[in-house]
Amino acid sequence: MSTQTAPGSPLPVIIDTDPGIDDMLALLLALASPELDIRGISVSYGNTVVENAFRNAVAILRRAGRRTTLAVGARRPLKRPLAVARETHGESGLGYAELAPAGVILDFVKSLDRLLAEQPDPVTLVTLGPVTSLALALRSDPELVRAKVARHIAMIGNVGAKGNTTRYAEFNAWCDPEALDIVLRAELPTEMVGLDVTRQMVLAPHETTRLQHAGAPQARWINDALRFYFEFHKQQEGLDGCIVNDVLPIAALVRPAALGFEEQRLVVDLEEGEHRGHTRIDPHGPRVKVATRVDLALVRPLLSERVFRWAVHQTATPIVSQEAGV
Ligand code: RIB
Ligand code: CA
């Protein structure tokens with residue numbers, strides 16, 4: 001199925017995300033990119049509980065001054081116990097950023113499959129968290145998913161790179177390996193943007209200095225989220241910077257040359273222990289395109305100009321009561 005849109009027309013995109021500090025940067029970049037037509041955002045558990053993810057997505061949309069359809073995907077993994085990344089993204093999911101209290105999510109909110117169903121034409125689906133929402137959609141209506149997902153680009157997994165949750169597994173894959181197994185076996189046009197390339201996407205402290213010294217509310221808010229993330233990477237990996245994994249799939253939609261892919265046959269380990277969620281090459285596994293090369297020179301200016309520079313010049317304070325198109 002072609003993912004090509006008419007020359008010059010924005011690419012229709014749906015993002016399933018677990019905001020999440022690096023998700024926040026990815027969402028702000030997506031919302032600031034005229035090349036993309038964000039048809040909706042579906043929130044999932046992962047970095048934080050789904051109630052916080054929903055609240056965080058609303059806060060990000062309000063601060064970006066944008067409205068789009070917000071859907072609620074998975075609240076917990078298919079079969080594994082729910083485990084969120086408080087130590088990495090903070091209790092709220094957005095570090096030290098100021099946020100309204102999270103509400104209760106009502107049962108009849110729109111799910112990812114309903115969001116897909118209402119699309120008039122096929123979209124590019126970006127998943128930035130565990131792929132439980134997509135697995136649930138595939139379980140309930142695989143033909144709908146095939147008809148409406150022209151391309152699936154996922155921040156998930158690792159092949160040659162060390163894991164970040166166990167030494168073998170990346171967090172999104174580790175959260176729900178059964179869901180990833182369902183997605184891989186569905187053989188959608190999936191592109192895996194894993195730690196092999198995202199570990200190189202390190203944001204250095206000097207790149208956010210202007211956020212720290214800006215008076216603009218959005219700059220301070222983003223900086224408060226990032227401060228927590230910098231502290232975590234320093235403590236956890238002795239890194240003087242932070243890895244903003246989720247920015248890469250969005251940047252690749254805007255600058256396709258930013259990533260290079262190779263087709264692999266991959267499986268995901270489903271057993272317990274250190275190999276849980278380990279994505280590895282297997283000659284009998286389903287086919288998936290794996291990102292093996294990244295050109296950061298195409299990515300950094302996008303973040304710098306479309307997110308940080310934008311934030312520093314934003315003097316308007318968000319309208320607190322405005323919902324974000326929910
Ligand atoms: O392993 C990194 C991934 O897990 C990123 O998407 C991060 O936001 C977390 O969801
Ligand atoms: Ca994420």
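Mind checking which pairs have a first residue in the stretch 149-166 that is more than 13 Å from R280 (Cβ to Cβ) and away from ligand 2 (no atom under 13 Å from the Cβ) and a second that is of a type in the set (V, I, T) and modelled with pLDDT under 95, Cβ under 6 Å, 6 or more apart or different chains?
That search, which allows pairs on different chains as well, returns A150/T3; R151/T3.
Taking the residues in the stretch 220-254 that are more than 16 Å from ligand 1 (Cβ to nearest atom) and either in contact with a strand residue (DSSP E or B) (Cβ under 6 Å, 6 or more places away or on another chain) or not charged (D, E, K, R) (or both) as candidates, determine which candidate is farthest from I21 (Cα to Cα).
Checking each candidate, the answer is V254.
Restricting to the stretch 171-197, give me the number of residues that are under 22 Å from L298 (Cβ atoms) and in contact with an Asp or Glu (Cβ under 8 Å, 6 or more places away or on another chain).
Qualifying residue count, the stretch 171-197: 2.
Here's the yes/no breakdown for (1) open to solvent by 10 Å² or more (accessible area, probe 1.4 Å); (2) on the phi > 0 side of the Ramachandran plot; (3) modelled with pLDDT of 95 or more:
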{"site": "L11", "(1), (2), (3)": "yes, no, yes"}
{"site": "L25", "(1), (2), (3)": "no, no, yes"}
{"site": "R39", "(1), (2), (3)": "yes, no, yes"}
{"site": "S44", "(1), (2), (3)": "no, no, yes"}
{"site": "T48", "(1), (2), (3)": "no, no, yes"}
{"site": "I60", "(1), (2), (3)": "no, no, yes"}
{"site": "R76", "(1), (2), (3)": "yes, no, yes"}
{"site": "E91", "(1), (2), (3)": "yes, no, yes"}
{"site": "L106", "(1), (2), (3)": "yes, no, no"}
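Quick check, is R114 within 16 Å of W221 (Cβ to Cβ) and either among the charged types (D, E, K, R) or open to solvent by 20 Å² or more (accessible area, probe 1.4 Å) (or both)?
Details: within 16 Å of W221 (Cβ to Cβ): no; either among the charged types (D, E, K, R) or open to solvent by 20 Å² or more (accessible area, probe 1.4 Å) (or both): yes.
Here the answer is no, as R114 does not meet what is asked.
Among (1) under 14 Å from A26 (Cβ atoms); (2) surrounded by fewer than 17 Cβ atoms within 10 Å (Cβ to Cβ), there is one condition G238 misses while meeting the rest; what is its number?
Among (1) under 14 Å from A26 (Cβ atoms); (2) surrounded by fewer than 17 Cβ atoms within 10 Å (Cβ to Cβ), G238 violates only (1).
Of the numbered conditions (1) open to solvent by less than 20 Å² (accessible area, probe 1.4 Å); (2) closer than 21 Å to T190 by Cβ; (3) away from ligand 1 (no atom under 16 Å from the Cβ), L70 fails exactly one; give the number of that condition.
Going through the list (1) open to solvent by less than 20 Å² (accessible area, probe 1.4 Å); (2) closer than 21 Å to T190 by Cβ; (3) away from ligand 1 (no atom under 16 Å from the Cβ), L70 breaks only (2).
The values are calculated or read from the model by the stated rules, or taken from the named source; none is laboratory data. In this text the structure is predicted, and so the values were computed from the model without any measurement. With ideal geometry, Cβ positions are generated from the backbone for all residues, glycine too; neighbour counts draw on all protein chains shown. With ligands, DNA and RNA removed, areas are computed over all heavy atoms of the protein, side chains included. Shrake-Rupley method; radii C 1.70, N 1.55, O 1.52, S 1.80 Å.
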